[in-house]
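**Student:** The structure that follows is given in the form of structure tokens.
The values are calculated or read from the model by the stated rules, or taken from the named source; none is laboratory data. The structure presented is a predicted model; accordingly, all values stated were derived computationally and were not measured. Cβ placement follows ideal geometry from the backbone for every residue including glycine, while neighbour counts extend to all protein chains displayed. Only protein heavy atoms, including side chains, enter the accessible area calculation; ligands, DNA and RNA are left aside. Shrake-Rupley method; radii C 1.70, N 1.55, O 1.52, S 1.80 Å.
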Amino acid sequence: MINKLAAPCNIVVFGGNGDLAIRKLLPAMYYLHRDGHLSDCTRILGASRSNLSREDYLDLVRKGLDQFVPETYRDEETWQAFAKRIDYVAVDATDESSFANLAQALGSEFSDQTTVYYLSTSSRFFGSICLGLKANNLVLPNSRVVIEKPIGTDYASSCVINDAVGQAFEENNIYRIDHYLGKETVQNLLALRFANALFEPVWTNAHIDNVQITVAESVGVEGRWSYYDDSGALRDMVQNHLLQLLCLVAMGVPVNLDEDAVRAEKIKVLKSLKLMKPEEVTENAIRAQYNAGVAEGKEVPGYKDEEGGRPDSSTETFVAIRADIHNWRWRGVPFYLRTGKRLPSRFSEIVIEFKDVPHSIFPRSSNLMSNKLVIRLQPEESIQLFMMNKVPGLSEGMKVHPVTLDLSQPDHTPQDRVPEAYERLIFDVICGNSTLFVHRNEVEAAWKWCDAILEGWQSQSIPPHTYMAGSWGPQAAFELVAKSGRSWHESQ
């Protein structure tokens, strides 16, 4: 639980009337307010190019809270107090002169406390917003900026964006957010590894056979066909979410939990990822696009037939990749990454599969299985260890079967609510704790690895595989792991 009061600050949300702000950011701030973690002097300003009155914006925020915050946590008194913090200002990200409106809204006293600028916009506006803030003297030593993924579309474009943001803000005041890192179970992975003598000694290629990271989505592009077609699954999910999870699994032991120590270990992992040659991409990076099928009990169109779709698109909606880390700890251990849209269910999980015992002394009928540590991130959060145990009874011989050891947190009462990911991360920004945020070096190292795959797909001129909506992807994704005698973990 978050158990302290943040210092007074101004929180300015660019794109404040957008989907992310209404669905995630403002509900997270509402929780922080409700649970007593925001100073009485903290203000929240929504900012966008729309000409909205404060009353119009409050109405939009209220509707969002009614939709995305359970009724258990809503009451009129709390809303009225929260609403007093909120204001709205019209700012055009492409017009430096319009930032004068924001300066006026913040007032001359804004320099006395921290100001957090949250850029909930397309990354193409990050540079112009930051330069507009600087030109209007709205960037001070105690100012911080939060930027969302994806940062650019490749290594070169990410450098352009980072350079522009860096012209206005020092690196230690730039918070590149990946909400997966704010999930309680992801943070618990660090505790599991580094607070228990049981796991870290076997967290090497001597004992681990393979690692699987899956982020599955049951929805399609949800009316954002044009946006998604410019990115695809690799840019949208692998370059950030999946590689960040890979880093937390594969990183070495940091000297402490300070942001610099943790980031240093993550960067080592990213720099150890083996860059694929074009001919290796075909074998180790499967891309696919969904066709029409049945998802969540109803017929759905194929990707190209979605609203706004084009018949000539080759953008991938599914990716399965074998990644290899070339260092002493992980050499020879495949990391399988998988993500896609229109899959049978929505879930995210990390599976650590340990090697088989060297020699089984039990009957073949025991169905001996490898130990697995399964970390489920969504929709529910859980940690389970799959082990072998004796079958009870007087049967002939000693037979064993798989059982599950539940390492999850105990059930929480409504009074002991686990903070949402964005809630934790916004609180950390206010407090100046960047441990769970991504350094520029991480972004660029991840893009270099992904660029090699993108270039391989382009140079090979091979169209994406296809899969039926509502299935677990193309046959090639299963063959990717099967050719080494392995299979995807089936816990869905």
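**Student:** Scaled to the compact-protein estimate 2.2 N^0.38 Å, what is the alpha-carbon radius of gyration of the range 239-280, rounded to two decimal places?
**Tutor:** The value comes to 1.31.
**Student:** Next up: Using the Cα centre of the chain as the reference point, and only Cβ charges (+1 on K/R, -1 on D/E), how large is the resulting charge dipole? Debye, rounded to the nearest 20. Numbers along the way, then the final one.
**Tutor:** Working: 50 positive and 64 negative charges, 244 e Å.
Dipole magnitude for the chain comes out near 1180 debye.
**Student:** Please compare each pair in LYS266/LYS341; LYS4/LYS149; LYS24/LYS84; LYS277/LYS341; LYS274/LYS448 to a cut-off of 21 Å on the Cα-Cα distance and tell me which ones are over it.
**Tutor:** Details: LYS266/LYS341 28 Å; LYS4/LYS149 28 Å; LYS24/LYS84 19 Å; LYS277/LYS341 27 Å; LYS274/LYS448 11 Å.
Those over the limit are LYS266/LYS341; LYS4/LYS149; LYS277/LYS341.
**Student:** Among 371-378, 12-19, how do they line up from the highest to the lowest mean number of other beta-carbon atoms within 10 Å?
**Tutor:** Going by the mean number of other Cβ atoms within 10 Å, highest first, we get 12-19, 371-378.
**Student:** Distance between the C-alpha centers of the range 325-350 and the range 1-38? Whole Å please.
**Tutor:** What the calculation gives is 32 Å, centre to centre.
**Student:** Between beta-carbons, use under 15 Å as the cut-off and find the net charge around SER459, counting Lys and Arg +1, Asp and Glu -1.
**Tutor:** Numbers: positive: LYS277, ARG287; negative: ASP154, GLU279, GLU280, GLU283, ASP451, GLU455.
So the surrounding residues net to -4.
**Student:** With mean projected area of the Cα convex hull in nm² in mind, check [x] 25.5; [y] 30.5; [z] 23.4 and report the label derived from this structure.
**Tutor:** [x]
**Student:** Quick one: give the max-minus-min coordinate of the C-alpha atoms of the range 149-242 along each principal axis, largest first, in Å.
**Tutor:** Rounded to whole Å, the extents work out to 46, 38, 25 Å.
**Student:** Same structure, new question: When the Karplus curve 6.51 cos²θ - 1.76 cosθ + 1.60 is applied with θ = phi - 60°, which whole-Hz ³J(HN,Hα) does each residue of the range 34-45 get, with x for Gly and Pro?
**Tutor:** Going residue by residue, I get 4, 8, x, 9, 9, 4, 4, 8, 6, 10, 10, 10 Hz, with x marking Gly and Pro.
**Student:** Could you please state how large a percent of the accessible area of the chain is carbon and sulfur, counting protein chains only and using a 1.4 Å probe? Numbers along the way, then the final one.
**Tutor:** Values: 11010 of 22180 Å².
Within the chain, the accessible surface is 50 percent carbon and sulfur.
**Student:** A further question on this structure: Report the Cα centroid-to-centroid distance between the range 101-141 and the range 148-183 in angstrom, as an integer.
**Tutor:** If you average the Cα positions of each part, the centres end up 16 Å apart.
**Student:** Which value, in debye to the nearest 20, describes the size of the charge dipole of the range 107-214 about its Cα centre when Lys and Arg Cβ atoms bear +1, Asp and Glu Cβ atoms bear -1, and nothing else is charged? Present the calculation step by step, with values, prior to reporting the outcome.
**Tutor:** On the way: 7 positive and 11 negative charges, 32 e Å.
In total the dipole reaches around 160 debye.
**Student:** Provide the FRET efficiency to the nearest 0.05 for the PHE194-LEU405 pair, computing r from the beta carbons and using R0 = 25 Å.
**Tutor:** 0.80
**Student:** Can I ask one more? Rank VAL269, VAL294 by accessible area, highest first, at a 1.4 Å probe radius?
**Tutor:** Working: VAL269 5, VAL294 85 Å².
Reading off the accessible areas and sorting them downward yields VAL294, VAL269.
**Student:** I want the local charge near GLY46. Using Cβ-Cβ distances under 15 Å, sum +1 for each Lys or Arg and -1 for each Asp or Glu among the other residues.
**Tutor:** Working: positive: ARG23, LYS24, ARG43, ARG49, ARG54, ARG62, LYS63, LYS84, ARG85; negative: ASP19, GLU55, ASP56, ASP59, ASP87, ASP92.
Taking every other residue near GLY46 into account, the sum is +3.
**Student:** Which of the trypsin sites (Lys or Arg not before Pro) across the range 251-324 are loop residues per DSSP, with 16 or fewer other Cβ within 10 Å?
**Tutor:** Working: sites: ARG263, LYS266, LYS268, LYS271, LYS274, ARG287, LYS298, LYS304, ARG322; in loops: LYS274.
Filter output for the range 251-324: LYS274.
**Student:** I'd like the orientation of helix 126-135 relative to the chain: the angle between its Cα long axis and the longest Cα principal axis, in ° from 0 to 90, rounded to 10.
**Tutor:** Roughly 30 degrees between the two axes.
**Student:** Here is a follow-up. Length gain on complete extension for the stretch GLU455 to LYS268, per 0.36 nm per residue less the alpha carbon to alpha carbon distance?
**Tutor:** On the way: separation 187, 0.36 × 187 = 67.32 nm, distance 2.34 nm.
Extra length from GLU455 to LYS268 when fully extended: 65.0 nm.
**Student:** Shifting gears a bit: Can you tell me the FRET efficiency between SER226 and ALA100 if r is taken as the Cβ-Cβ distance and R0 is 30 Å, rounded to the nearest 0.05? Mind showing how you got there, number by number?
**Tutor:** Working: r = 32 Å, r/R0 = 1.08.
The formula returns an efficiency of 0.40 here.
**Student:** What's the longest uninterrupted piece of the chain once you rule out the GluC sites (Glu not before Pro) that are loop residues per DSSP with at most 13 other Cβ within 10 Å? Please list the in-between numbers first.
**Tutor:** Values: sites that count: GLU170, GLU222, GLU296, GLU307, GLU380, GLU396, GLU490.
Excluding the exposed sites themselves, the longest stretch runs over 1-169.
**Student:** Relative to the first principal axis of the alpha-carbon coordinates of the chain, what is the inclination of helix 259-272, with its axis defined by its Cα atoms, in degrees from 0 to 90 and to the nearest 10?
**Tutor:** 50
**Student:** Hey, if you put +1 on the Cβ of every Lys and Arg and -1 on every Asp and Glu Cβ in the range 76-193, which of ALA93, THR114, VAL160 ends up farthest toward the positive end of that dipole?
**Tutor:** The residue sitting farthest along the positive end of the dipole is VAL160.
**Student:** Taking only protein heavy atoms and a 1.4 Å probe, what accessible area per residue, in Å², does the chain have with all protein chains in place?
**Tutor:** On the way: 22180 Å² over 492 residues.
Result: 45 Å² per residue.
**Student:** Among the trypsin sites (Lys or Arg not before Pro) in the range 173-238, which ones are in a DSSP loop with at most 15 other Cβ atoms within 10 Å of the Cβ? Mind listing them?
**Tutor:** Values: sites: ARG176, LYS183, ARG193, ARG224, ARG235; in loops: LYS183, ARG224.
Sites meeting the loop and neighbour criteria: ARG224.
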